[in-house]
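The values are calculated or read from the model by the stated rules, or taken from the named source; none is laboratory data. Here the structure is a predicted model, which is why all the values come from computation and not from measurement. Because the Cβ atoms are built from the backbone with ideal geometry, glycine has one as well, and the counts that use them run over all protein chains shown.
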2 protein chains.
Amino acid sequence: MSKAKALPLMETDVAACCPPLDERALTPEEAERAAAMFKALGDPVRLRLFSQIASHPGGEACVCDISDVGVSQPTVSHHLKKLREAGLLTSERRGTWVYYRVAPSVMASMARSFSVSG
Amino acid sequence: MSKAKALPLMETDVAACCPPLDERALTPEEAERAAAMFKALGDPVRLRLFSQIASHPGGEACVCDISDVGVSQPTVSHHLKKLREAGLLTSERRGTWVYYRVAPSVMASMARSFSVSG
């Protein structure tokens, strides 16, 4: 029980989400999981935030590091929450700020979606 | 002029769309292009249609080949149009049916988005 609790749920979901899209028809469950991630990235501002965090030195960034996406800081925070809820980012509060990084295995799982099978 | 016209516009866009997301912050223009593709895949039914077409023998399928996504044929056609408009599928009419296949370079470009740079 405590072992199951220690396992981050979203990470598991992400790892299971993404068979190569040209390998076979996705099941409804696989499609639900993967579509939720694509949907989160399907907004230009959220995609720019994701790329700012993914490319930030050390692989993490706080709202204070985000620049020039043309929306207010509360809107940035709202979009970061959406990305986190979709399992794409993880967050950790340290002092005043919440730091975001790309969730483990997201890049590899998404790359696998588009790897050409067979 | 005729040469420029011969080049499929969407294909060019897709090829230009997708620098690795962890390489640098996307420009607004790159984010617009890539987000449009992610948004099109951000629906479970569209994602299942995409995977059915991508995994179909010969790499192409018509509406007549699509099975079991739980929506009517007109709705399937509507979703396929959205995927085509996003540059993810190409289509060709042959006889009674329109055949869809994954647009050239889509799999490679999207995989590149999630390749780990550096």
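Restricted to the range B:23-76, and to residues that are in contact (Cβ under 8 Å) with a residue 24 or more places away in the chain and not in a helix (DSSP H, G or I), which residue is farthest from the other protein chains (Cβ to nearest Cβ)?
Step one: filter the range B:23-76 for residues in contact (Cβ under 8 Å) with a residue 24 or more places away in the chain, giving B:23, B:34, B:36-37, B:39-41, B:43, B:45-46, B:49-50, B:53-54, B:59-64, B:69-71, B:75-76.
From the residues that got through so far, the ones that are not in a helix (DSSP H, G or I) too are B:23, B:43, B:60-62, B:69-71.
Numbers: B:Glu23: 6, B:Asp43: 6, B:Glu60: 12, B:Ala61: 10, B:Cys62: 15, B:Val69: 8, B:Gly70: 8, B:Val71: 12 Å.
If we take residues in the range B:23-76 being in contact (Cβ under 8 Å) with a residue 24 or more places away in the chain and not in a helix (DSSP H, G or I), then B:Cys62 is farthest from the other protein chains (Cβ to nearest Cβ).
Considering A:Val102, A:Val71, A:Val116, which residue is of a type in the set (A, V, I, L, M, F, W, C), under 21 Å from B:Ala108 (Cα atoms) and surrounded by 13 or more Cβ atoms within 10 Å (Cβ to Cβ)? That would be A:Val116, the only listed residue that is of a type in the set (A, V, I, L, M, F, W, C), under 21 Å from B:Ala108 (Cα atoms) and surrounded by 13 or more Cβ atoms within 10 Å (Cβ to Cβ). Quick one: would you say A:Arg93 is closer than 21 Å to B:Leu41 by Cβ and at pLDDT 90 or above? Judged against the criteria, A:Arg93 is not a match. Taken over the range B:64-105, residues that are within 15 Å of A:Ala25 (Cβ to Cβ) and polar (S, T, N, Q) amount to 1.
Answer yes if at least one residue in the range B:45-56 is surrounded by fewer than 22 Cβ atoms within 10 Å (Cβ to Cβ) and farther than 25 Å from A:Leu41 by Cβ, and no otherwise. Yes - at least one qualifying residue is present in the range B:45-56. None of B:Arg101, B:Arg33 is at pLDDT 90 or above, closer than 27 Å to A:Ser67 by Cβ, touching an Asp or Glu at 6+ places or on another chain (Cβ under 6 Å) and not hydrophobic (A, V, I, L, M, F, W, C) except B:Arg33.
Please count how many residues of the range B:77-118 are part of a helix (DSSP H, G or I) and either touching a residue at least 12 places away in the same chain (Cβ under 8 Å) or within 14 Å of chain A (Cβ to nearest Cβ) (or both).
Pass one, the range B:77-118, residues part of a helix (DSSP H, G or I): B:77-85, B:106-113.
Subset that is either touching a residue at least 12 places away in the same chain (Cβ under 8 Å) or within 14 Å of chain A (Cβ to nearest Cβ) (or both): B:77, B:79-80, B:82-85, B:106-113.
Summing the residues that are part of a helix (DSSP H, G or I) and either touching a residue at least 12 places away in the same chain (Cβ under 8 Å) or within 14 Å of chain A (Cβ to nearest Cβ) (or both) in the range B:77-118 gives 15.
Restricting attention to the range A:89-99, does a residue exist that is out of contact with any Leu (no Cβ under 8 Å at 6 or more places or on another chain) and surrounded by 22 or more Cβ atoms within 10 Å (Cβ to Cβ)? No, the range A:89-99 has no match at all.
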